[in-house]
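A.B. asks: Below is one structure. I have some questions about it.
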Amino acid sequence: MIRLMIADDHNVVRSGLHAILNSQPGWEVVAEAKDGKHAVELAAETQPDVAILDYQLPIMNGIAATREIRALQPQTEVLIFTAHESELLIRELLEAGARGYLLKSDARRFLIAAVEALARHEPFFTGRVSEALLNAYLSNVPSRGDDLTHCERGVVQLIAEGRTNKEAAQLLGINLKTVETHRAAAMRKIKATSSTNLIRYAIRNKLVEP
């Protein structure tokens, strides 16, 4: 039996994945979430073998959710299922603990194989995730925006989504002053002079949808 969790904010994507995965003999979708925070909570409750997460999740993105799930449920493998492909994003997700990365455009050919690999605790990456990107990660080659911390990146994402500093503090579970500190540090590091610069950075680095 392979127990699975799906986290995606689009109902159509979740229902499609559910139908495909549940049709496999011995597989069961035990939980579905539409945001990152709920995904972390459901992973703790249901303890799936494989969690399939979209990167662009509301409230808590795929990077933060992966990190939390892997910390709380190290036996649960995380497969990132996303439309985004960038060196920076792949590096961040690998560092957070994801062991699989599947582009939505490759799902028809590779979804089953990806889940089977992760259920065996083996990594899975399609050919479109090039060797150059993986080599860059493994050799710690610097990439654009690498100097932002995870907390700074989370604040930038929320600001780019239109959240106020106060709303970001509530969503991240930190105080307002800490958000302001992270925001100021991020702006200094990327040489941003306004919120518009932060939004452009977030879009360029796939932290938010354009």
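A.B. asks: Report every pair of residues separated by at least 6 positions or lying on different chains whose Cβ atoms are under 7 Å apart, first residue within region 185-210 and at positive phi, second surrounded by 13 or more Cβ atoms within 10 Å (Cβ to Cβ) and outside any helix (DSSP H, G or I).
C.D. replies: The qualifying pairs are 206/84; 206/86.
A.B. asks: Then there is this: Determine whether region 10-28 contains at least one residue that is modelled with pLDDT of 95 or more, within 22 Å of residue 202 (Cα to Cα) and surrounded by 18 or more Cβ atoms within 10 Å (Cβ to Cβ).
C.D. replies: No, there is no match, as no residue in region 10-28 is modelled with pLDDT of 95 or more, within 22 Å of residue 202 (Cα to Cα) and surrounded by 18 or more Cβ atoms within 10 Å (Cβ to Cβ).
A.B. asks: Additional query: Which ones in region 50-84 are more than 12 Å from the chain's Cα centre (by Cα) and part of a loop (DSSP other than H, G, I, E, B)?
C.D. replies: Across region 50-84, the qualifying residues are 73, 74, 75, 76.
A.B. asks: Right, something else. For the condition farther than 18 Å from residue 111 by Cβ and buried (at least 19 other Cβ atoms within 10 Å of the Cβ), what is the one hit in 93, 89?
C.D. replies: 89
A.B. asks: Given 169, 160, which one is at pLDDT below 90 and either small (Gly, Ala, Ser) or over 21 Å from residue 65 (Cα atoms) (or both)?
C.D. replies: 160
A.B. asks: Residues that are touching a Pro at 6+ places or on another chain (Cβ under 9 Å), in contact (Cβ under 8 Å) with a residue 12 or more places away in the chain and surrounded by fewer than 21 Cβ atoms within 10 Å (Cβ to Cβ): does region 38-45 have at least one?
C.D. replies: Checked region 38-45: at least one residue is touching a Pro at 6+ places or on another chain (Cβ under 9 Å), in contact (Cβ under 8 Å) with a residue 12 or more places away in the chain and surrounded by fewer than 21 Cβ atoms within 10 Å (Cβ to Cβ).
A.B. asks: Can you tell which of 49, 54 is of a type outside the set (A, V, I, L, M, F, W, C), more than 20 Å from residue 15 (Cβ to Cβ) and surrounded by 20 or more Cβ atoms within 10 Å (Cβ to Cβ)?
C.D. replies: One residue alone meets the criteria, 49.
A.B. asks: What are the pairs, 6+ residues apart or on separate chains, where a residue within region 87-114 that is on the phi > 0 side of the Ramachandran plot has its Cβ under 9 Å from a residue that is among the small types (Gly, Ala, Ser)?
C.D. replies: Final answer for the pair search is 97/71.
A.B. asks: Among the hydroxyl-bearing types (Ser, Thr, Tyr) and assigned to a loop (DSSP other than H, G, I, E, B) - does that describe any residue in region 89-112? Walk me through it before giving the result.
C.D. replies: Filtering region 89-112 down to residues among the hydroxyl-bearing types (Ser, Thr, Tyr) leaves 101, 105.
Next cut, assigned to a loop (DSSP other than H, G, I, E, B) only: none.
Among the residues of region 89-112, not one is among the hydroxyl-bearing types (Ser, Thr, Tyr) and assigned to a loop (DSSP other than H, G, I, E, B), which makes the answer no.
The values are calculated or read from the model by the stated rules, or taken from the named source; none is laboratory data. Because the structure is predicted, anything quoted here is derived from the model rather than measured. Cβ: placed from backbone, ideal geometry, glycine included. Neighbour counts: every protein chain shown.
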